[in-house]
Amino acid sequence: MDGQEREGIDVVAAAVVERGRLLVVSKKSAPDLFYLPGGKPEPGESEEQTLARELKEELGAAPTGVSLLARFEGVAALEGVPMRLAVFHAALDQAPLAAAELARLGWTDGADEYVPLLASAIRDQVVPLLKKTGALTGSRP
């Protein structure tokens, strides 16, 4: 479905968790606000295709072991419009590097210095779900 057909935007994102920490990224246009890697679908593109394209562009990596984690609704942090967010649990085929429009990447356990910098949908919906499932443990590598 084309995200332009309904009010707001559709976003597909990856919850990449390694060693109990969640990968978060910031954009050059807002370097102090962190999100999950991902983006908006192109017309006719499936969510899985969007995820693969966006992760290759942003991180130089391909997703593996992709499965739907959850769907959330919220307000897009930069655009300020309603957002429908599909979050997929995924691993990466290689170490991520900040590319394309990304400024930085980091890893959060949901209880560290990144928490006040997280976009509200990530902080208030994704992180609590990952904590509840035991995926975020806060162990440091």
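Numerical summary
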quantity	calculated
Filter result for SER67 (touching a residue at least 24 places away in the same chain (Cβ under 8 Å) and surrounded by fewer than 21 Cβ atoms within 10 Å (Cβ to Cβ))	no
In segment 9-34, the residues that are buried (at least 16 other Cβ atoms within 10 Å of the Cβ) and either more than 15 Å from ALA119 (Cβ to Cβ) or in contact with a Ser or Thr (Cβ under 7 Å, 6 or more places away or on another chain) (or both)	ASP10, VAL12, VAL16, VAL17, GLY20, ARG21, LEU22, VAL24, LEU33, PHE34
Within segment 37-94, tally of residues that are among the β-branched types (Val, Ile, Thr), at pLDDT 95 or above and closer than 16 Å to ARG123 by Cα	1
Among (1) open to solvent by 40 Å² or more (accessible area, probe 1.4 Å); (2) assigned to a strand (DSSP E or B), the one test that GLN94 misses	(2)
Hits in segment 99-141 - residues which are in contact (Cβ under 8 Å) with a residue 60 or more places away in the chain, open to solvent by 50 Å² or more (accessible area, probe 1.4 Å) and either not aliphatic (A, V, I, L, M) or not in a helix (DSSP H, G or I) (or both)	GLU101, ARG104, LEU105, TRP107, THR137, SER139, ARG140, PRO141
Every residue from segment 70-91 that is within 24 Å of ALA135 (Cα to Cα), open to solvent by less than 50 Å² (accessible area, probe 1.4 Å) and touching a helix residue (DSSP H, G or I) at 6+ places or on another chain (Cβ under 9 Å)	ALA70, PHE72, GLY74, LEU85, ALA86, VAL87, PHE88, ALA90
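The values are calculated or read from the model by the stated rules, or taken from the named source; none is laboratory data. Just so you know, these numbers come straight off a predicted model, no measurement behind them. With ideal geometry, Cβ positions are generated from the backbone for all residues, glycine too; neighbour counts draw on all protein chains shown. Protein only, heavy atoms only, side chains kept; ligands, DNA and RNA dropped before computing areas. Shrake-Rupley method; radii C 1.70, N 1.55, O 1.52, S 1.80 Å.
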